[in-house]
Amino acid sequence: MGSRDKTEKKSLIKTLAELALTFFRIGLFTFGGGYAMISIIEHDCVEKRAWITHDDMMNITVIAESTPGPVAINCATFVGYKRAGLPGAACATLGVVLPSFIIIYLISLFLNGLLEIKAVASAFRGIKLAVGVLIVQAAVNMIRKMKKDTLAVTILSLSFAAMLLINIFALDFSSISLMLIAAAVSLAAYCVSLLKNRKEGEK
């Protein structure tokens, strides 16, 4: 094995270790699941390390929400794959999953009545509020950085209004259906725009 191969192998190992440790820390210190992790993942992977672009983060968030599996795991898998292929995807995914597995396993062994302890219950109420702030922060960052064209703003406004009405009146309407409708509207607008450009090009 030449010196170049050794250097590449060391670089890959370093990258894999960095992915695993980064997502382990994200999984360990972020309460509230995938939505609460989005702003942390964006800070570490987009702003701090530039592993992916903001557009990548926006796209994978949408894809992760639309596909099976938790949002945070899907995001970690994407970032890992983008950074170091299949080994990177495996390390990032394992890193983000492992803290939750360890904590839940320990709780199941030793602390069955954990939430019955008043101090712990009070702490979790505070954590819930912080999680809400993280989710709102992630949403605000995405809205602030997205392209402000008429269609995007219209879909955003109508989707927000629809979700608000669904929650207020407790309507039996799936958020997945709302996402599919938004996707269909956006796709239809794209097709109309494409046909219009073709017609103009033929003139």
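The values are calculated or read from the model by the stated rules, or taken from the named source; none is laboratory data. These numbers come from a predicted model, not from an experiment. Neighbour counts run over all protein chains shown; Cβ positions are idealised from the backbone, glycine included.
Observations on the structure shown:
- When residues of region 173-186 are limited to those that are part of a helix (DSSP H, G or I) and polar (S, T, N, Q), the one modelled with the lowest pLDDT: S175
- Which listed residue, of I143, I104, is of a type in the set (A, V, I, L, M, F, W, C) and exposed (fewer than 12 other Cβ atoms within 10 Å of the Cβ): I104
- Residue pairs whose Cβ atoms lie under 7 Å apart, sitting 6 or more positions apart in sequence or on different chains, and linking a residue in region 28-52 that is at pLDDT 80 or above to a partner that is charged (D, E, K, R) and in a helix (DSSP H, G or I), are W51/K82; W51/R83; I52/K82.
- Answer from I135, I155 - the residue that is outside the structural domain of H43 (by TED's automatic domain parsing) and in a helix (DSSP H, G or I): I155
- Only one of A170, A162, A189 that is small (G, A, S), over 20 Å from the mean Cα position of the chain (by Cα) and assigned to a loop (DSSP other than H, G, I, E, B): A170
- Any hit, region 86-103, residues being within 24 Å of L180 (Cα to Cα) and modelled with pLDDT of 85 or more: no
- Qualifying residues in region 52-83 (those that are among the small types (G, A, S) and in a helix (DSSP H, G or I)) - the one farthest from T22 (Cα to Cα): S66
- Failed item in (1) buried (at least 17 other Cβ atoms within 10 Å of the Cβ); (2) β-branched (V, I, T); (3) over 10 Å from the mean Cα position of the chain (by Cα), with I73 passing the rest: (3)
- If you check E116, E200 for being farther than 22 Å from S66 by Cα and outside the structural domain of I40 (by TED's automatic domain parsing), only one passes: E200.
Matching residues to (1) out of contact with any strand residue (DSSP E or B) (no Cβ under 7 Å at 6 or more places or on another chain); (2) among the hydrophobic types (A, V, I, L, M, F, W, C); (3) free of Cβ contacts under 8 Å to residues at least 24 places away in the same chain; (4) surrounded by 14 or more Cβ atoms within 10 Å (Cβ to Cβ):
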{"position": "I135", "(1), (2), (3), (4)": "yes, yes, no, yes"}
{"position": "T150", "(1), (2), (3), (4)": "yes, no, yes, no"}
{"position": "I155", "(1), (2), (3), (4)": "yes, yes, no, yes"}
{"position": "A162", "(1), (2), (3), (4)": "yes, yes, yes, yes"}
{"position": "L187", "(1), (2), (3), (4)": "yes, yes, yes, no"}
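- Residue match in region 88-99 (condition: surrounded by fewer than 12 Cβ atoms within 10 Å (Cβ to Cβ), in the same structural domain as K14 (by TED's automatic domain parsing) and in a helix (DSSP H, G or I)): no
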